[in-house]
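To keep things clear, I will list the structure first and then write my remarks on it.
The values are calculated or read from the model by the stated rules, or taken from the named source; none is laboratory data. Quantities reported herein were computed from a predicted structural model and do not represent experimental measurements. Every residue, glycine among them, receives a Cβ derived from its backbone with ideal geometry; neighbour counts consider all protein chains shown. Please note that ligands, DNA and RNA were not included when accessible areas were found on the heavy atoms of the full protein model with its side chains. Shrake-Rupley method; radii C 1.70, N 1.55, O 1.52, S 1.80 Å.
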Amino acid sequence: MLLEARGIVKAFGSFRAVDGADFHLAEGEIVGLIGPNGAGKSTFFNCLAGELQPTSGRILFRGRDITRAPPEAHARLGLARTWQVPAVFEEMTVRENVMVGAFLRHGHRQEAMRRADEMLAFTGLSPLAASRAGSLGTPARKRLEIARALATEPELLLLDEALAGLTPAEVQAAIELVRRIHARGITLVIVEHVMEVILTLAQRAVVFHQGRVIAEGAPRAVVEDPAVIEAYLGHSLRRRSARA
Amino acid sequence: MAMTASRGAWGRGVAVLGVLAVLALAALLPFALQDVFHQRIAALVLLAAISASAWNLIGGYAGQVSIGHAVFFGVGAYSALLGYTLFEWPPIAGAPFGILISLVFATIIGLPTFRLRGHYFSMATIAAAELVRILVVNWPLVGGAVGLMGPAVPRSTLDLSFTSPRPYYWTFLGTLTALLLVTHWMSRSRMGFYLRAIKGQERAARSLGVPVQRYKYYALLLSAGFTSLAGSLYALMVGFVDPDSGFGILISVRMVIITALGGVGTLFGPLAGAVILVPLEEWTNATFGGAGTGITYVVYGFVIMLISRFAPGGLAELWRRLQAAGRRHAA
Amino acid sequence: MILAQLVLNGLLVGAVYALFSSGLTLIWGMMNVVNFAHGDFVMLAMYVAFFAATLLGWGPAAFVPVAAMALFLLGVLVYLMLVRHVMRGPMLAQILSTFGLALVLRYAALWAFSANFVSLPEDLTGQVVTLGGLRFEPSRVLAGIAALLVTLGLHLLLTRTALGSRLLAVAEDRTAAMLVGIRPDPMQALAWGIGAACTGIAGGLIALFFYVAPSVGESLVLIAFVVVCLGGFGSVPGALVAGLAIGVIESLSAFWVGAAFKDVVVYALFLGALWFRPQGLLGKA
Amino acid sequence: MPITRRGTLALPALALAAGPAAAQGAPVKVGVLLPLTGNAASAGNSARAAIELATELVNTPHPELASMPLMATAGLPNLGGRKLEAVFADNQGNPSVGQNQALRLITQERVVGLTNGYQSSVALTASAVAERYGIPYVNGESVATNLTERGFKWFFRTTPIGPDIARVYLDFIEEQQKQGRPVGKIAIVHENTEYGTSIADTIAKEAEARGRQIGLRIAYSANSADVSPQVLQMKDAQPDVAIFISYTSDAILYMRTMRAQGYKPPILIGDDSGFSDDSFIQTVGDISQGVINRSAFDASRPGSNSNKINALYKAKTGREMDDTTARMMQGYLVMADAINRAGSTDPAKIQAALRATDLKPDQLMIGYRGVRFNEKGQNVLASALLVQLRGKEYVSVWPEDQASAPLELPFKGWS
């Protein structure tokens, strides 16, 4: 077991965004976390990444308790992430952005640069290496985040809506990139509310609703689960009625 | 970079030669300036550049805008003269103690305040510096409100008390060169990248394994040490320090202003800022000061406003714009 | 008795601090711009009051609104000519520009009005009232009431009016505000105007019992920064609470610890408060 | 660095044009360091006007002031009638700037001597430059004792200093005791920069030497927005004598707050500075009736030099000359006199002339017993008297032989 989370609760005041979620992940998997907006999947994701500390529950990475470990410790242990809204270092160049990640395992500048260039080539960003990251558009920023996270040489990569807001062609390219990352032997967790992405990419899907895991299994099977349909439908129905 | 390795080495060679040439020219400058007052202004430019460059390490590279750096400056200045007052040491002997005390202060101030974000951090540093200033004012052992005097008449060359500004100029030039070398090396190392990442996006930096608090602390230590040294050098030249000229809030603000004017987080920004600002201060004061109408500061303030209005990134931004224009022209 | 008098004096001074800080907290909190020239805004308002009272013989009912209007114009002008252009730059550019502005205003005042200390005519500032053994100057009570009213007014403006929600929307997210059809520039110019107008009211009232000189803003501005920060940036009620608290703490510590150390107590408590509440007393996390 | 001299020359040049054209050779320049901006700008600018006036008086004949040196004649007679020129420099109240400006005045403006400085810290650093360059420096107003304890050869000071002042206060207090007034409890309230602290220390030391206790000592910061706790402390302790060492803004606040809190000490002494500022009298004079002030400048006696100078100053500026301003002006005039007696612009000769200075009371515009320097450069004949506020004017009340009006106690304040 690469990652295991047991009974995770995350409360903000009296509101429980995550309410007793269990989760496990085997090495080499691609798992999709799905659920309607506000289902708690992002909060849960941030607990896994160390950005938020769960109110209760435990998270184990390779059997090691990382529940209260700070985000930087997660990175060191081999657990990298990207952000829903890309958080690139705007004032640095694309290469420098990736070098920040590479410096985690390589103290020397030359070595970090070599490693960064590798990742830029891998993600197809080499032509943009010298551009200021702040000048990039959304697709390139998302790619840059992935390159930067990969430069920390993770075993597990957590992608937070890495495909949201992309055009269909860009989505195809991104899916292809995710496959290649997986081919390098990196385990992936993908948070996505676009169902299609999960269907094509994930080996397993975990569905969140109201802070709990309501279904889990092969993506095809999960989307046909009545509970899941109810959750999504109910959600969109509520939204429709709210708008009216 | 599309540059090949050999061209990189060649380019670096040229850069090193260029820097050496500039340094040699800078060292010879006092001979070109016959006028003692101009020599002194040149020395003051370097002194201002040292403290601004030191501030730049934490304020510029790491983006933690401290407006309380006068603490370290004052500690440096006081240490130099306190050694003389209490034990009759040559003032320079106090400098290492100033650095040590500054590192302790940096720890005491830095560790709790680094949790604070943006303006809260700035305000906390102001409060900490004011706190120290008031305590010094009310502490007779360190001279209280009266301040501390250096040796009125030099007892030996060890007192480093000269009539000519030239020896000060060279001392400051040496210190600044060392500081800029350290800064340059730091900015290209892991630490430099980490600091810029922290400045850009603290959360993202942490997710990439950057121990944010630790690197902020390193930067503050480096910054505090050099700021303290600048204070000691100031005391050496002026031969006197009191709470306002050592710990006053304007000392802190001036470091920020000079760096912001030149370009935050750039190697030569603080120096460029000092080259503009210090002569501007002296020129306005010499030209308008005697009239006693405050026009000195009206002109001075207006120039600062104009620069910030048209180049919010400081002179470094203007420089980049010029370069870009040059490239467009060449193409 | 002395304790009661000390607390009363502290509250009255604290109200002045709150009044003095109300405009600053609006500008600072909503636009994330530190206005280093804030003290000098107050100084200008005090001179407006001074000249209106001495040259035209006006009373506070006339010169306070005039000072508010004059400062409103100044605020809008400063925003349009200066702040608008530096806001998108780094935080340091704002420090740089408002510091430059502060110098220009302070020393233009020195140039125009000389460095001499002046004050309003004695008949405006004069009376002392004794109530139940406690003594106070009505002008200070007036300032205290004004502080409450200004705070309340600002708070209602921001939370209860369409204008307020537009101002807040721009403060929250400029781009998003633009998407829903709010033009940010006029909104922010207005915010600067309103912030400066509050400062104008403060200056006009403080002039009633304080001396007026080009350097007067300098001696008040640091405490205003502390008040705004302690209250939580942008929190108008926070500034009131913090202002009153600092006034009383100063008064009591000056009496018991020593006047020279009262700021030590204030700064130490301020740092301590930030340790427990890094976002200020009433600030949002 | 285009350092020009336009600004510094403009006004003295005007003063020159006004006088009769007897000038031979270039004017003799004296550097004047003043805090023209910053916290003490008010004092600096008052002094600037006084020194402009002094320059005018030296350069044009003023027979009505004939008892003072250089007044009856035009220019400096021993230098062939060359004009005197004051070159002003703003020290911004900052010791480092003071040092810069001293250097500039010496090396660029080629002044033959330096005067003033105002803040002791500035006088300290600026005079160190003068010492190294061998340029005479006459300070007329800084009271820090250590200024004349540094073994300097080029530094002279005309003002009474801490110990002189302390003696005046304690002599006065002891005399009041002889007349049966209670003076057992003395309070010192002082601002906590160098000025207030050092004067307060000296008074405390002198009191102790005479076997008296300072019952209450309150240090405060001059830029406080509120001084009511201090007033309540005094109201609580009820001292017989209160000595205030304050700058202008805080002196104004104290008077207002004492009135608001309904507290009057029976004897209220203000130490010069803030309490002697014309702004103080204009803003809170009405509620400060009978406040006693240390001063060496008593303009209240008709026909005296002080009275005439004050009238000229008032005509020029519309304000009364205060003691600090007068002491600065006197310092400048001592320098002018020494240059004239030296008959040369050679610094060493001016230094020698300064050493030989022996001015009598009627040769001064201020109430010293004379000007004569000891080997440290301190004027041994400096003295102070006490004046009391009556209406909008200070009148001399003590010591009795120099008094122009009787002392009125207790402190009246407001009605």
Just to confirm the number: angle between the C-alpha axis of helix C:262-276 and the first principal axis of chain C, 0 to 90 degrees, nearest 10?
40
Quick one: 3J(HN,Hα) in Hz for the stretch D:307-324, Karplus 6.51/-1.76/1.60 with θ = phi - 60°, rounded, Gly and Pro as x.
4, 5, 4, 4, 5, 5, 5, 5, 5, 7, 10, x, 10, 6, 7, 9, 4, 4
So the angle from the long Cα axis of helix D:95-107 to the longest Cα principal axis of chain D, reported in degrees to the nearest 10, equals 20
Counting alpha carbon pairs within less than 8 Å and at least 6 residues apart, what relative contact order, in whole percent, applies to chain D?
16
Once the convex hull of the alpha carbons of the stretch B:168-276 is built, what does its volume come to per residue, in cubic angstrom?
107
What accessible surface, in Å², does a 1.4 Å probe find on residue D:408, ignoring ligands, DNA and RNA and rounding to the nearest 10?
100
Mind listing the long-range amide H neighbours of residue D:220? Cut-off is under 5 Å, sequence gap 5 or more, other chains count too, H placed in the peptide plane at 1.01 Å from N.
D:190, D:191, D:192
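For residue A:60 and residue A:230 in the same chain, what is the full-extension length gain: residue separation times 0.36 nm, less their Cα-Cα distance, in nm?
58.0 nm
Taking square-rooted eigenvalues a ≥ b ≥ c of the alpha carbon gyration tensor, is the stretch B:1-133 rounded, prolate or oblate, where a/c under 1.5 means rounded and, failing that, a/b exceeding b/c means prolate?
oblate
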Rank these residues by their accessible area, most exposed first, probe 1.4 Å: A:96, A:170.
A:170, A:96
Along each of the three principal axes of the Cα atoms of chain D, give the extent in whole Å, ordering the values from largest to smallest.
65, 43, 36
Kindly state, to the nearest 0.05, the FRET efficiency for residue C:7 paired with residue B:306, given R0 = 51 Å and r defined as their beta-carbon distance.
0.60
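Hey, got the dipole for the stretch A:88-153? About the Cα centre, +1 on K and R Cβ, -1 on D and E Cβ, debye to the nearest 20?
Charge dipole of the stretch A:88-153: 60 debye, to the nearest 20.
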Grab the eigenvalues of the alpha-carbon gyration tensor for the stretch D:246-333, scale each by 5, take roots, and send me the semi-axes largest first in whole angstrom.
26, 12, 12
Over the Cα atoms of the stretch A:94-233, how large are the radius of gyration and the largest Cα-Cα distance (Dmax), in Å?
17.0, 55
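Ignoring ligands, DNA and RNA, how do C:85, A:193 rank by accessible area with a 1.4 Å probe, largest first?
Highest to lowest solvent-accessible surface, that is A:193, C:85.
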About the Cα centre of chain B, how large is the charge dipole given +1 on each Lys and Arg Cβ and -1 on each Asp and Glu Cβ? Please answer in debye to the nearest 20.
1580
Largest-first semi-axes in Å of the equivalent ellipsoid built from the Cα gyration tensor of the stretch A:88-153 are 18, 11, 10
For the stretch C:129-195, what are Rg and Dmax over the alpha carbons, in angstrom?
18.2, 60
For the peptides B:136-148, D:319-331, C:159-171, what is the packing order when you average, over each peptide's residues, the other Cβ atoms within 10 Å and list the highest mean first?
D:319-331, B:136-148, C:159-171
Exposure ranking of B:149, C:30 by accessible area [1.4 Å probe, largest first]:
B:149, C:30
Derived scalar couplings ³J(HN,Hα) [the stretch D:210-222; Karplus, 6.51 cos²θ - 1.76 cosθ + 1.60; whole Hz; x for Gly, Pro]:
9, x, 10, 9, 8, x, 9, 10, 10, 9, 9, 8, 4
Shielding by partners - mean other protein chain Cβ count within 10 Å, residues of A:96-103:
6
Could you work out the relative contact order of the stretch A:88-153? I mean the mean sequence separation of Cα pairs under 8 Å and 6+ apart, divided by the number of residues, in percent.
51
Let's see if you can work this out: charge +1 on each Lys and Arg Cβ, -1 on each Asp and Glu Cβ, no other charges. What is the dipole magnitude of the stretch B:139-212 about its Cα centre, in debye to the nearest 20?
420
Please find the FRET efficiency linking residue A:180 to residue B:185, where r is the Cβ-Cβ separation and R0 is fixed at 35 Å, and quote it to the nearest 0.05.
0.40
Diffusion coefficient, µm² s⁻¹, Stokes-Einstein with Kirkwood Rh over alpha-carbon pairs of the protein assembly as shown at 37 °C and 0.692 mPa s
98
What base-10 log of the normalised intensity I(q)/I(0) is obtained for the stretch D:225-291 from the Debye formula, alpha carbons as equal point scatterers, at q = 0.11, 0.14 Å⁻¹?
-0.21, -0.35
Have a look at A:202, B:22, A:163 and report the one farthest towards the positive end of the charge dipole of the protein assembly as shown, computed about the Cα centre with Cβ charges (Lys/Arg +1, Asp/Glu -1).
A:202
In Å³ and rounded to a whole number, note down the convex hull volume per residue for the Cα atoms of chain A.
135
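Report, please, the projected area of chain B averaged over directions, based on the convex hull of its C-alpha atoms, in nm².
The orientation-averaged projected area of the Cα hull of chain B comes to 19.6 nm².
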Cross-link reach from residue D:412 to lysines, straight Cα distance under 21 Å and at least 8 residues apart if same chain, gives D:185, D:235, D:264, D:392
With a 1.4 Å probe and all protein chains kept in place, how much accessible area does residue A:179 have, in Å² rounded to the nearest 10?
120
Average partner coverage of D:128-134, which counts Cβ from other chains inside 10 Å
3
Long-range amide H partners of residue B:265, meaning residues 5 or more apart or on another chain whose placed amide H is closer than 5 Å, are B:60, B:61
Given a Förster radius of 45 Å and the C-beta distance between residue B:111 and residue D:380 as r, what FRET efficiency does 1/(1 + (r/R0)^6) yield to the nearest 0.05?
0.20
Place +1 on the Cβ of every Lys and Arg and -1 on the Cβ of every Asp and Glu in the protein assembly as shown, take the dipole about the Cα centre, and give the residue among B:156, D:247, C:74 whose Cα lies farthest towards its positive end.
C:74
Number of partner chain Cβ atoms within 10 Å, mean per residue of B:63-72:
1
Using alpha carbons only, what's the Rg to Rh ratio of the stretch B:109-198 with Rh from Kirkwood?
1.12
With helices defined as uninterrupted DSSP H runs, which ones in chain B have an alpha carbon span along their own long axis of at least 18 Å and mean Kyte-Doolittle hydropathy of at least -0.5?
B:5-32, B:36-55, B:70-87, B:95-113, B:118-137, B:166-188, B:212-238, B:249-262, B:269-288, B:295-310
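Please label the shape of the stretch D:151-223 as rounded, prolate or oblate, based on the square roots a ≥ b ≥ c of the eigenvalues of the alpha-carbon gyration tensor (a/c under 1.5 means rounded; beyond that, a/b larger than b/c means prolate, else oblate).
Numbers: a/c = 2.58, a/b = 1.41, b/c = 1.82.
It comes out oblate by the Cα gyration axes.
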Can you tell me, using C-alpha contacts under 8 Å and at least 6 residues apart, the relative contact order of chain C as a whole percent?
38
Rounded to whole Å and sorted largest first, what semi-axes of the equivalent ellipsoid does the C-alpha gyration tensor of the stretch D:288-395 yield via the square root of 5 times each eigenvalue?
29, 15, 10
Place a label point 7 angstrom from the Cα of residue B:213 along the Cα-to-Cβ direction, then list the residues of the stretch B:109-129 whose backbone nitrogen is under 11 Å away.
B:111-116
Once phi is turned into θ = phi - 60°, what whole-Hz ³J(HN,Hα) does the Karplus curve with 6.51, -1.76 and 1.60 give for every residue of the stretch C:25-35, x standing for Gly and Pro?
5, 5, 5, 5, x, 7, 10, 6, 10, 7, 8
Helix C:216-231 axis, angle to chain C major axis (alpha carbon atoms, nearest 10°)
70
Once you sort the root eigenvalues of the Cα gyration tensor of the stretch B:160-224 as a ≥ b ≥ c, which label holds: rounded (a/c under 1.5), prolate (a/b larger than b/c) or oblate (the other case)?
prolate
Per Stokes-Einstein, at 10 °C and 1.306 mPa s, what whole-number D in µm² s⁻¹ belongs to the stretch C:2-276, with the Kirkwood radius over Cα pairs as the hydrodynamic radius?
83
Percent antiparallel among DSSP beta bridges confined to the protein assembly as shown, nearest 5, equals 45
